[in-house]
1. Around ILE86, which amide H atoms from residues at least 5 apart in sequence, or from another chain, sit under 5 Å from its own amide H, with H modelled in the peptide plane?
2. Around TYR9, what is the net charge, scoring Lys/Arg as +1 and Asp/Glu as -1 over all other residues with Cβ under 10 Å from its Cβ?
3. For LEU32, LEU176, which order do you get if you count the other beta carbons within 10 Å of each Cβ and list the fewest first?
4. Please compute the Kirkwood hydrodynamic radius of segment 3-204 from all pairs of different C-alpha atoms, in Å with one decimal.
5. Taking H as built 1.01 Å from N, whose amide H comes closer than 5 Å to the amide H of LEU111, not counting residues under 5 places away?
6. Give the long-range amide H neighbours of TYR191: residues separated by 5 or more places, or on another chain, with amide H under 5 Å away, using H modelled in the peptide plane at 1.01 Å from N.
7. At q = 0.27 Å⁻¹, what is the log10 ratio I(q)/I(0) for segment 4-54, with the Debye formula run over Cα points and no solvent?
8. Could you please rank MET148, MET56, placing first whichever residue has the fewest other Cβ atoms within 10 Å of its Cβ?
Amino acid sequence: MSFKKNLSYKAFSKSKFKSIKHSTYFEVYDELFSKYRNKKITFVEIGILGGGSLFMWRNFFGTKARIIGIDLNPSAKKWAKYGFEIFIGDQSDINFWKKFKKKVGKIDIILDDGGHRYIDQITSIECILDNVKHNGLIVVEDTHTSYMDGFGDKKYSLINYIKDNIDKINHKSHKLKNRISKENIWSIKVYESIVAIFVKSKEKQTKSSPITNNGIDDNAKDFRVEKIKNDKSFRKILDKIKNYFK
Ligand SMILES: C[S@@+](CC[C@H](N)C(=O)[O-])C[C@H]1O[C@@H](n2cnc3c(N)ncnc32)[C@H](O)[C@@H]1O
């Protein structure tokens, strides 16, 4: 499907002021954000530059939405006269987030299109996570910077942080003794240049434990382990798998 058919693209092209987005983003926006349209939500965008994306989000979400913009550049304050809430501050500053959360309260969605350094992206997620509502979203754009020079030490890139959080999600399993869970993160979805973190409050998440439906047990044998033999064909498959990691 052409991105021009996406509702978010229509909202983007209708915006009076300049915004720059990637053509692949509109399909993702529609997928992630459509269910929030015309609802009384709080939406935050980090990085507002020429103001165009604020108007895009107003067009997309409708007049009931509270649209908040954050930017380091003090001149962004001018967008407040159009009905947006504007906060001037540094997304890599923990104290900025403390004040922001006190003033704004709980939010539904936060979209990070700010500085794109790992310190910006990771600090923002760590600071805002406990302030995102149950079933809310944290979305980070331009995550290709994790593979580029000039955005920080690649060992501590956003994508490496995300990989670590995938491990943390899986370590919620009762099967794993060493629990290192990040409790509010329910799931993570990775797109080209975008990562979406789905938030669910800890109290509302089901705890992992084995359950049975109490159906008739015909004592079927579990073949899983027996099937793996160390023969030639097995080693061939194993070599193929090793190649995936290259
Ligand atoms: C890519 S532009 C935003 C584009 C805008 N969202 C759009 O769609 O047109 C990035 C913006 O992030 C702001 N920015 C850069 N570093 C920041 C930081 N550490 N904290 C807050 N804002 C920052 C810049 O001033 C700039 O306006």
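Where a number appears in this text, it was derived from the coordinates with a stated rule and is not lab data. Not measured: the values here are computed from a predicted model. No Cβ is skipped: glycine too gets one built from the backbone with ideal geometry, and neighbour counts run over all protein chains shown.
1. Answer set, sorted by chain and number: GLY69.
2. +3
3. LEU176, LEU32
4. 17.4
5. For LEU111, the qualifying residues are VAL44, GLU45, ILE46, VAL139.
6. ALA196
7. For segment 4-54 at q = 0.27 Å⁻¹, log10 I(q)/I(0) is -1.28.
8. Least to most surrounded, the residues fall as MET148, MET56.
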